[in-house]
1. Can you find, within the range 267-290, the residue that is farthest from Met318 (Cα to Cα) among those that are of a type in the set (D, E, K, R) and part of a helix (DSSP H, G or I)?
2. Output the residues belonging to the range 239-261 that are at pLDDT 90 or above and within 26 Å of Phe87 (Cβ to Cβ).
3. Check the range 241-251 and report whether any residue there is under 25 Å from Ile79 (Cα atoms), among the β-branched types (Val, Ile, Thr), in a helix (DSSP H, G or I) and not assigned by TED's automatic domain parsing to the domain that holds Asp140.
4. Given the criteria under 20 Å from Asp123 (Cβ atoms) and loosely packed, with under 14 Cβ neighbours inside 10 Å, does Ala67 qualify?
5. Working carefully through the options Arg224, Arg219, Arg279, find the one that is modelled with pLDDT under 90, surrounded by fewer than 18 Cβ atoms within 10 Å (Cβ to Cβ), outside the structural domain of Lys78 (by TED's automatic domain parsing) and closer than 30 Å to Ala80 by Cα.
6. When the residues of the range 302-318 are narrowed to those that are surrounded by fewer than 19 Cβ atoms within 10 Å (Cβ to Cβ) and basic (Lys, Arg), which ends up nearest to Glu259 (Cα to Cα)?
7. If the Cβ limit is 8 Å and pairs must be 6+ apart or interchain, which residue in the range 1-19 that is over 15 Å from Asn63 (Cβ atoms) pairs with which residue that is polar (S, T, N, Q) and at pLDDT below 95?
8. Looking at Gly118, Gly161, Gly154 in this structure, which one is on the phi > 0 side of the Ramachandran plot, in contact with a Lys or Arg (Cβ under 9 Å, 6 or more places away or on another chain) and in contact (Cβ under 8 Å) with a residue 24 or more places away in the chain?
Amino acid sequence: MGERLEAQSKRHWSTSQVRQDQALAFWVDTVCNQFLELDIESPVRSRFHACLDQVDLGPVTANFLEADTQRVRRTAAKIARLDHPMFMLLQLRAGHVRFRQSGRESRVGPGECVFIDGTEPYDLECPQPTRAMALRLPADWLRGWVSQPESHAGRVFGAGGWSSALCAAVANLEINSCDRFALPRDAIAEPIATLLKLAIGPELEVSERQPVLFNRLLRTLRNRCHEPDLSPLAVATEHHISTRSVHYAFASAGTTFVERLMSLRLERAREMLSSPHLRDLPVAEVAARCGFGDPSHFARRFRRQFGQSPLQFRASAMPSRH
């Protein structure tokens, strides 16, 4: 029938293992080290209690969490430390939460699931004690079912259609029963991914989507291409997203951050070199105003792009003085 989950594969952490005045700090360290790097605050830190149970289901990790009132935030600083992109499917078992990500804000109640992008900032408010289960889904594995999971960040699944089936399947996962499944571990995770895909429904091809994020990033590049040290990290920070999301947005548009930045800088230089008002501006200054720290590098890239040196282009584009 396949391999069983061994009981010893389950892992457990609880604030009851430490003194009460250390409970919240212990919980923050446990969550960051064993689950996901997060900022956590609680108004009941003097009597805070929480626990985490964890078990692996093939490539997926199931996390069973109980905690007192808390606010959980995923910040750009925490995201920068993420080595392996991942997503989560969080099901609330008791209590309710308010969740915000990617412009979506929702209230999630018992039995409902919310889809979370671990590579983007989010805010989760738990105004009362909660009990939940979170499936940690590696991005590369999940893309075998959902081609563009990042576009569904913040989506809630509840009653109706395949959403009901998804929530019911997830609800059957309990920490005390995981070692009794007579199935291979992959066979437990894969049906959930299939139900998630069915609940999401047909996905549009990349070419059919409005490249909203890409257009926003492109505007930023146009506005800041004069900065010689402009980097994906700087742009990601401005938009409160991860550098991976920046690179993915450009890749989806068939280009890269570096290629598009270089193209914008060269186009701006060409405009400046063809402007009669700037005919006396030294080429080295044109290069500097377009984000090139090295005039010789600018000259090489300009010639490669336009087939002429900057001086030759200016001479051919500029009307003769009389």
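The values are calculated or read from the model by the stated rules, or taken from the named source; none is laboratory data. Every value quoted in this text rests on a predicted model; they were computed, and no experiment measured them. All Cβ positions, even for glycine, are placed from backbone atoms using ideal geometry, and neighbour counts span all protein chains on display.
1. Going residue by residue through the range 267-290, those that are of a type in the set (D, E, K, R) are 267-268, 270-271, 279-280, 285, 289.
Those still in the list that are part of a helix (DSSP H, G or I) too: 267-268, 270-271, 285, 289.
On the way: Glu267: 16, Arg268: 16, Arg270: 11, Glu271: 11, Glu285: 17, Arg289: 19 Å.
Here the residue is Arg289.
2. Scanning the range 239-261 gives Thr256, Phe257.
3. For the range 241-251, residues under 25 Å from Ile79 (Cα atoms), among the β-branched types (Val, Ile, Thr), in a helix (DSSP H, G or I) and not assigned by TED's automatic domain parsing to the domain that holds Asp140: present.
4. For Ala67, the condition - under 20 Å from Asp123 (Cβ atoms) and loosely packed, with under 14 Cβ neighbours inside 10 Å - is not met.
5. When all the criteria are applied, what remains is Arg219.
6. Keep residues of the range 302-318 that are surrounded by fewer than 19 Cβ atoms within 10 Å (Cβ to Cβ), which gives 303-309, 311-312, 315-318.
When the remaining residues are screened for being basic (Lys, Arg), the result is 303-304.
Numbers: Arg303: 16, Arg304: 13 Å.
So the residue we want is Arg304.
7. none
8. Residue meeting the stated conditions: Gly154.
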